[in-house]
Amino acid sequence: MRFPRNVVLGGWLFILIGGCAWFGSETPPEWILSPQSTFPAEQFLTGMGEADSREQAEKRAYVAVARVFSANIQAQSMDRESYAIQETGNTSRTRRELQLDHRTRVTTSKVLENVKVLDIWYQPSTRHFFALAGLDRRHAEQTIMDRLRDLDLTIENMVQQGRSHIQKIQRIRGYKQALILLTDRETLNADLRVIRKSGESQPPLYRIPDIQREFQDFVANEVAISVSMEGENSEELERAILEGLKEEGLLGGPAYSLTEGKRETEDVSIVGQGKLWTVDLPDPIFKYVRWCGDIDIYVNPSYRLIGVISRTGREGHITEKEAKVRASHAMQKVISKEIAQILTQSIFDENLDSSQSLNIPKSCP
């Protein structure tokens, strides 16, 4: 079927006119020469990208907007890391704080979901695409304010749970959840300062250092965690377990060091044994020492079993003495880490099903 010539020419003219937004002349559009005149800075947070493909130009425009928030994220990371070092003085605590920074990135990415491509231009002579991406400040501000209101309500409930719940485990969960949510709120508040042209934020009802200090005082003064180990190097194993708990924000003590009143009403009991023994293996150079640890973790008032740890391993060296030292250190590291992990998961995650970890056979002979 043949179309009339004037119809064909008209169709091509329509296509050319319709595509002139980014297949037009060499003259750049106004939003490239003066972006703020087309998309005022009071209304939009913009970023421009250039590439030899439209898709890549759009990606670079998104990145240009995200960089503003990325610098803000890194500044928060440095503040949080230095605060952790000041409070605890150990690298393990710093690691946990930097894990919270992952939540910072997730929270910020929700704000960046509102970034849209505002315009595209193609320059024929260079065969390059230019993309302008932008965030509507007013819409983004309203979204953040709604989230802040929801967070403030939940934070208030969690703080009150931490302060007044009749069960100590629930109080710990309330404090820890409040601290996590306050971190999310801090992130959103920082994003709000970026989005608002004035740079103003929305002050929180509670500060992280204040709630952190309140939580630590509660754990130190009202939560009794006892550790009682038997076997060779029991004191060293107890110290390693207590240090592991301290890094998680939980304070405890050896069972014999607790006062009579706390010993009768302890909230968490960690009991078990660790053993070391030499194994005879056909090795002309190395001596080997095997270690094992069997630990039970109970919570009161019902003295309910919430965790069982059963681990074993082997270390070697040219002398038996050094092999024993290595085996002891390995036992302390593995046991203390697993106790801290089970205890924090059981306390902080009320939906955790720990029944599968209670039927573990013993490792020590």
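The values are calculated or read from the model by the stated rules, or taken from the named source; none is laboratory data. Keep in mind it's a predicted model, so treat the numbers as computed, not measured. Every residue, glycine among them, receives a Cβ derived from its backbone with ideal geometry; neighbour counts consider all protein chains shown.
Tabulated values for the structure
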item	result
Members of segment 214-225 found to be over 13 Å from residue 340 (Cα atoms) and either surrounded by 15 or more Cβ atoms within 10 Å (Cβ to Cβ) or at pLDDT 90 or above (or both), listed by number	214, 215, 216, 218, 219, 223, 224
In segment 39-56, the residues that are under 27 Å from residue 198 (Cβ atoms) and either among the aromatic types (Phe, Trp, Tyr) or without any contact (Cβ under 8 Å) to a residue 40 or more places away in the chain (or both)	39, 40, 44
Matching option when the condition is closer than 20 Å to residue 216 by Cα, at pLDDT below 80 and of a type outside the set (Val, Ile, Thr), among 352, 358, 258	258
Residues satisfying the stated conditions in segment 277-323, i.e. closer than 30 Å to residue 267 by Cα and without any contact (Cβ under 8 Å) to a residue 40 or more places away in the chain	296, 298, 300, 301, 302, 303, 304
Flag for residue 155 being touching a residue at least 60 places away in the same chain (Cβ under 8 Å), surrounded by 14 or more Cβ atoms within 10 Å (Cβ to Cβ) and not in a strand (DSSP E or B)	no
Residue that is small (Gly, Ala, Ser) and assigned to a helix (DSSP H, G or I), where the choices are 57, 41	57
Answer residue from segment 289-333, given it is in a strand (DSSP E or B) and of a type in the set (Lys, Arg) and is nearest to residue 344 (Cα to Cα) among those	304
Filtered residues of segment 158-168 (kept if more than 28 Å from residue 114 (Cβ to Cβ) and in a helix (DSSP H, G or I))	159, 160, 161, 162, 163, 164, 168
Condition met for residue 283 (at pLDDT below 90 and either assigned by TED's automatic domain parsing to the domain that holds residue 173 or more than 34 Å from the chain's Cα centre (by Cα) (or both))	yes
All positions within segment 21-56 that are surrounded by 10 or more Cβ atoms within 10 Å (Cβ to Cβ) and at pLDDT below 80	21, 22, 23, 24, 35
Scope segment 136-166; condition of a type in the set (Ser, Thr, Tyr) and either more than 20 Å from the chain's Cα centre (by Cα) or more than 23 Å from residue 215 (Cα to Cα) (or both); matching residues	143, 164
Single condition residue 125 does not satisfy, out of (1) at pLDDT 75 or above; (2) assigned to a helix (DSSP H, G or I)	(2)
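Results for (1) in contact with a strand residue (DSSP E or B) (Cβ under 9 Å, 6 or more places away or on another chain); (2) in the same structural domain as residue 63 (by TED's automatic domain parsing); (3) among the aromatic types (Phe, Trp, Tyr), shown as yes or no for each residue.
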| residue | (1), (2), (3) |
| --- | --- |
| 113 | no, yes, no |
| 118 | yes, yes, no |
| 123 | yes, yes, no |
| 129 | yes, yes, yes |
| 132 | yes, yes, no |
| 144 | no, no, no |
| 149 | no, no, no |
| 154 | no, no, no |
| 162 | no, no, no |
